[in-house]
Amino acid sequence: MKNPEHCDHGNSAPYDVLKNLHYSQAGAGRHKCTICAYKEGYQAGIAEGIRRAKEALARLKNK
Ligand SMILES: [Zn+2]
C-alpha cells in the first residue's frame with residue numbers, strides 16, 4: 001500500500017484515498033473513522049466481487 005495512514009483501531013488506508021474522501025461522510029454517521037470506513041468498504045467490495053464471480057461460474061455451469 002502506498003503512503004498508508006494508520007488509525008488507533010489497527011486499520012490502515014492509502015493517503016491518496018483518504019485525501020479524496022468527503023469528511024462529511026466520516027462525521028455523524030456510523031463511520032467515525034475514515035480509515036476504518038475505507039477498510040469496511042474495501043472488504044465489502046471484495047465480498048461483492050467474490051459473490052459476482054460465483055454467480056458467473058454458476059451461470060457457466062448451467063449452459
Ligand atoms: Zn479507525
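The values are calculated or read from the model by the stated rules, or taken from the named source; none is laboratory data. Quick caveat, the model's predicted, so the values are computed rather than measured. Using ideal geometry, Cβ is built from the backbone for each residue, glycine included, and neighbour counts are taken over all protein chains shown.
Listed values, structure above:
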quantity	calculated
Considering residues of the stretch 11-43 that are hydroxyl-bearing (Ser, Thr, Tyr) and over 15 Å from residue 1 (Cα atoms) only, the residue modelled with the lowest pLDDT	24
Condition met for residue 51 (basic (Lys, Arg), more than 11 Å from the ligand (Cβ to nearest atom) and modelled with pLDDT of 85 or more)	yes
